[in-house]
Amino acid sequence: MESDPVHILVVDDEESIRWVIGKTLTEPGYNLHFAESAEEAGLIVESQPIDFALVDVNLPGEDGLSFLSTQRERRPELLMAVITGQGSMDTAVTAMKLGAFDYLTKPFDIEEIEELVRRAIRTIRQGRRHPPGPVAQRVPQGGDDLIVGKSREVREIHKAIGQVAGSDLTVLILGESGTGKELIAKAIHHHSPQSGQPFVAVNCAAIPHDLLEAELFGHEKGAFTGALERKAGRLEAAGTGTMFLDEIGDMSMDLQAKLLRVLQEREFQRVGGLDTLPLRARVIAATNQGLEAAVREGRFRHDLFYRINAFTIHSAPLREIRGDIPLLCGHIMRRYGEKLGVVPHTVSAEAMEQLRAYDWPGNVRELENVMKSLLITVRAPVIDVSDLPRNITGNSGGPGLDDAFEESVLQTWQATIRTYCEEERSGLLQRASERLERPLIRQVLAETRWNQVRTAKVLGINRNTLRTKIRALGIRKPPGMGGRGS
């Protein structure tokens, strides 16, 4: 019944997180319960009719993922979502494999919590609870995360990997060149029961059409000119592992027909051979093309499209996840710094603004190449704007600058915001505006050498208003500072 109360359990050892969530979930019909540890939460689940639990991963004693696994065995109908402050791919994928309803990364928006709880309650009230499933093996932590980022788009990829990794479904990965489609395929393989078996990749666009069939299926001796001996194909080499068909949209129509039969019958023959071999590998395909349009235009078989499209993952271009660029830069420099024997650099705020403002037509692959080059060529410990390639510094402005500015302000004011929230104080907006206005005007005046006409134009105010603010804020011109229009 919709009128029945919904019992929500919040498990987090940080009092501030419990307080924020408690203040957020104030809808009528919400019965909130709080715990600081998995042990305390377990007692509450035993004594209260908990419908939905929000569980932090890092807890004292038993961690949140272990609690999730335990409760999935005891109460498979209980919906649970995890909260993590690390945002690692392994944590997210493991949570989804263990049966989590969803996951969030800290810091999260209040709106995210509200939306998550609404979806959970809708699921509960409609009776669509997750069916019991086998408990997944915990993924070893501390490994190299393949898919890095905290944006909503990257989190959706993490969730999708966790949802599909344990199955044998054929997966189709869609995305522009350089967005990491093969990394997603490798992550699915890494988290699958066949992770110890081969991962075999073939780029269908890089091999001539007349050679691709033999490359995939293998060939017998004498099957064609130059076939001097029997050779196993990639499908055979994959064994019981994963076969990754990259850029499948470039495959010829006749080979598409043969691949369709292989996927339907789960068997194939080498070129020029009579023996039938079983297809034991899981197949993952990827393309940078719009396959639906290719089907309409007759360039891709509709029956093959539906066969490989059992589960789809979209890989976002880098320009749509600009907020993840700082994380990606740090990850790339740490990873390749170790390989190259170079101490990872830091990136100045100004250079990071430029990196975030650039459109990255080559996506993550282009970013990776740029950062690897900077690791080698920049001798100073800090990468500055002057070190960046000209094609990047020539693209200034754009949404990346605004995002970087907002992020720097939030980092500076994070502690103050938390204090105001915890003490329920008021007047934060006015205080922040006053504190920001004075250094902002001072810096613009310094940049223009106290040219008040130019300063007013940059600030978007008239000159009289600027003079009034200079007097009111007690801003003094440094000795020897000239400047016309002052």
- line: Residue count, region 41-64, condition hydrophobic (A, V, I, L, M, F, W, C) and in contact with an Asp or Glu (Cβ under 7 Å, 6 or more places away or on another chain), comes to 2
- request: Return yes or no: is Glu215 surrounded by 17 or more Cβ atoms within 10 Å (Cβ to Cβ) and either free of Cβ contacts under 8 Å to residues at least 60 places away in the same chain or under 30 Å from Asp324 (Cα atoms) (or both)?
  value: yes
task: Scan the helices (runs of 4 or more DSSP H) fully inside region 284-355 and keep the ones with 2 or more residues being within 23 Å of Ile188 (Cα to Cα) and touching a helix residue (DSSP H, G or I) at 6+ places or on another chain (Cβ under 9 Å).
output: 302-308, 325-340
- request: Could you tell me whether any residue of region 267-283 is surrounded by fewer than 17 Cβ atoms within 10 Å (Cβ to Cβ), touching a residue at least 12 places away in the same chain (Cβ under 8 Å), touching a His at 6+ places or on another chain (Cβ under 8 Å) and on the phi > 0 side of the Ramachandran plot?
  value: yes
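Could you check how many residues of region 303-355 are free of Cβ contacts under 8 Å to residues at least 24 places away in the same chain and either assigned by TED's automatic domain parsing to the domain that holds Asp254 or on the phi > 0 side of the Ramachandran plot (or both)? Let's see the steps before the verdict.
We begin by selecting, within region 303-355, every residue free of Cβ contacts under 8 Å to residues at least 24 places away in the same chain; these are 305-306, 330, 334, 338-339, 341.
Retained after the next criterion (residues that are either assigned by TED's automatic domain parsing to the domain that holds Asp254 or on the phi > 0 side of the Ramachandran plot (or both)): 305-306, 341.
Residues meeting the conditions: 3.
Is it the case that some residue within region 151-170 is of a type in the set (D, E, K, R) and over 14 Å from the mean Cα position of the chain (by Cα)? So that I can check it myself, show each step before the final result.
Step one: list which residues in region 151-170 are of a type in the set (D, E, K, R), which gives 152-153, 155-156, 159, 168.
This time we only want the ones that are over 14 Å from the mean Cα position of the chain (by Cα), so: 168.
Yes.
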query: Which one of these does Ala237 not meet: (1) within 30 Å of Val93 (Cα to Cα); (2) outside any strand (DSSP E or B); (3) in contact (Cβ under 8 Å) with a residue 40 or more places away in the chain?
result: (3)
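What number of residues within region 251-270 are in contact with a strand residue (DSSP E or B) (Cβ under 7 Å, 6 or more places away or on another chain) and outside any strand (DSSP E or B)? Outline the logic, then answer.
Within region 251-270, the first condition is being in contact with a strand residue (DSSP E or B) (Cβ under 7 Å, 6 or more places away or on another chain), and the residues that meet it are 262-263, 266-270.
Still in the list and also outside any strand (DSSP E or B): 262-263, 266, 270.
Total satisfying the criteria: 4.
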- prompt: Quick one: how many residues across region 232-254 are surrounded by fewer than 17 Cβ atoms within 10 Å (Cβ to Cβ) and more than 20 Å from Leu169 (Cβ to Cβ)?
  reply: 5
query: With (1) at pLDDT 85 or above; (2) surrounded by fewer than 16 Cβ atoms within 10 Å (Cβ to Cβ); (3) among the small types (Gly, Ala, Ser) as the list, and Ser408 as the residue in question, which single condition is left unmet?
result: (1)
task: Please work out which one of (1) farther than 20 Å from Ile124 by Cα; (2) touching a residue at least 24 places away in the same chain (Cβ under 8 Å); (3) part of a helix (DSSP H, G or I) is the condition Arg18 fails and give its number.
output: (2)
- prompt: For region 271-283, which residues satisfy the criterion of being part of a loop (DSSP other than H, G, I, E, B) and either closer than 18 Å to His209 by Cβ or among the aliphatic types (A, V, I, L, M) (or both)?
  reply: Gly272, Leu274, Leu279, Ala281
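The values are calculated or read from the model by the stated rules, or taken from the named source; none is laboratory data. In this text, all values refer to a predicted model and were calculated from it rather than measured experimentally. Neighbour counts are summed over all protein chains in view; Cβ atoms, including those assigned to glycine, are modelled from backbone coordinates with ideal geometry.
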